[in-house]
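K.L.:
Handing you this structure, nothing more for now.
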Amino acid sequence: MAQNTWPLWPPGPEPRAYRCGWRVGSRPDRQARSPSPWTGAWCASTRGDPALPWYESGPAFKTSEALGAFIALPGLGTIPYDRNAPRQPLVSADGHSKRAEAFRKLRTNLQFSQVDDPPRIIVVTSSVPGEGKTNTAINLARSLAEAGVSTCLVDGDLRHPRVAPAFGLVQDAGLTTVLIGQARVEDVMQHVAGGLSVLASGAVPPNPAELLASARMEEVLREFADLYKVVIVDTAPLLPVADTVGLAPLSQGALLVVRAAKTNRDQVCNAKESLERVGVRVLGTVFSMAPVPKGGRYGRYGAHGQYGELPAPRASATLEGSAASAVTRPTDGK
């Protein structure tokens, strides 16, 4: 019997570019929400895995501009690749490294992008593991706290918790301890330098999805929202497990972390749709582990959009805004 061979693409013209949920330039009734059988067959034949999941196909994003054009969400920040990040995950808000500057921009962009309806509870997630969501969550929370915003960081990834080890904190007592009624929040809350409050994951439970979607979890988050101005929740990846789909509706917005040259279009599209399907407001994307541009200083004035930053205000507007904020700006507090 002759062995089947698969062409790289179906007969006919080369497929056109895709945007999340729709094929660019095609009729709106012809959706492209998942790869065609030809694409799936090609991926399976080239990788040698006939059971290849549908969410592992499609090209990855090499620039934040390509990501923004595809997903139609604001790019709130681009975090440059740093090979020392796994060993040194924390950055200082007053540091001068490229990563420190990137997280300051992320903090500022997040605050400016939601002026009319600022979210108090924000979940940080990604499509699949290994995209840098935990690193983004802990450094965004730390940057907010060091800027004087009362902030609580919650480790809501109950399958692979990473927040406590990053700070050198106790992990065995935390969120799950509170959810099952063995401790009060104030008994297990930990504090780190810079004024950041951290709630570790606690013991890894056998039923994380049920715990995170429970009424008790909603009560805990509401309690945090009364005590802190911002609550950052690190959560599990969206596509492999259902944990975040149950937890995210209890928040007021989500940040979607996308790894440069790694996360593909199908993964991003389906992660976004998973959040929107349960009524979650996607605040924007964070483009992580991006290549560092060669030459020059990091982030030039006039290079608007290269790292997702907001345009600088005019001098007159800055002076007027400063005068107004001196009179009307509310003070942060728990």
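K.L.:
Taking the stretch 252-271 only, how many residues are buried (at least 22 other Cβ atoms within 10 Å of the Cβ) and either free of Cβ contacts under 8 Å to residues at least 12 places away in the same chain or within 23 Å of Leu211 (Cα to Cα) (or both)?
P.N.:
Here is the first cut: in the stretch 252-271, the residues buried (at least 22 other Cβ atoms within 10 Å of the Cβ) are 254-260, 263, 265-269, 271.
Retained after the next criterion (residues that are either free of Cβ contacts under 8 Å to residues at least 12 places away in the same chain or within 23 Å of Leu211 (Cα to Cα) (or both)): 254-256, 271.
Total meeting the criteria: 4.
K.L.:
Scan the stretch 133-160 for residues that are in a loop (DSSP other than H, G, I, E, B) and either crowded, with 24+ Cβ neighbours inside 10 Å or of a type in the set (Ser, Thr, Tyr) (or both) and report the count.
P.N.:
4
K.L.:
Do we have Leu212 as open to solvent by less than 30 Å² (accessible area, probe 1.4 Å) and free of Cβ contacts under 8 Å to residues at least 60 places away in the same chain here?
P.N.:
yes
K.L.:
Determine which member of the set Ala166, Ala193, Ala173 is over 15 Å from Phe224 (Cβ atoms) and modelled with pLDDT under 95. So that I can check it myself, show each step before the final result.
P.N.:
On the way: Ala166 fails: modelled with pLDDT under 95; Ala173 fails: modelled with pLDDT under 95.
Only one candidate passes the filter, namely Ala193.
K.L.:
Something else about it: Among what's in the stretch 161-195 and is in a loop (DSSP other than H, G, I, E, B) and of a type in the set (S, T, N, Q), pick the residue that is least open to solvent (accessible area, probe 1.4 Å). So that I can check it myself, show each step before the final result.
P.N.:
So the first thing to find is which residues in the stretch 161-195 are in a loop (DSSP other than H, G, I, E, B), and the list is 161-162, 168-174, 180-184, 189, 193-195.
Among the residues that remain, those that are also of a type in the set (S, T, N, Q) are: 171, 182.
On the way: Gln171: 53, Gln182: 141 Å².
Among those that are in a loop (DSSP other than H, G, I, E, B) and of a type in the set (S, T, N, Q), it is Gln171.
K.L.:
For the structure I just gave you, tell me whether Asp155 is touching an Asp or Glu at 6+ places or on another chain (Cβ under 9 Å) and either under 21 Å from Gln252 (Cβ atoms) or polar (S, T, N, Q) (or both).
P.N.:
yes
K.L.:
So, in the stretch 62-96, of the ones that are within 18 Å of Ser143 (Cα to Cα) and free of Cβ contacts under 8 Å to residues at least 12 places away in the same chain, which residue ends up surrounded by the fewest Cβ atoms within 10 Å (Cβ to Cβ)?
P.N.:
His96
The values are calculated or read from the model by the stated rules, or taken from the named source; none is laboratory data. Remember, it's a predicted structure, so these values are computed and weren't measured experimentally. No Cβ is skipped: glycine too gets one built from the backbone with ideal geometry, and neighbour counts run over all protein chains shown. SASA here: full protein model, heavy atoms, side chains in, ligands and nucleic acids out. Shrake-Rupley method; radii C 1.70, N 1.55, O 1.52, S 1.80 Å.
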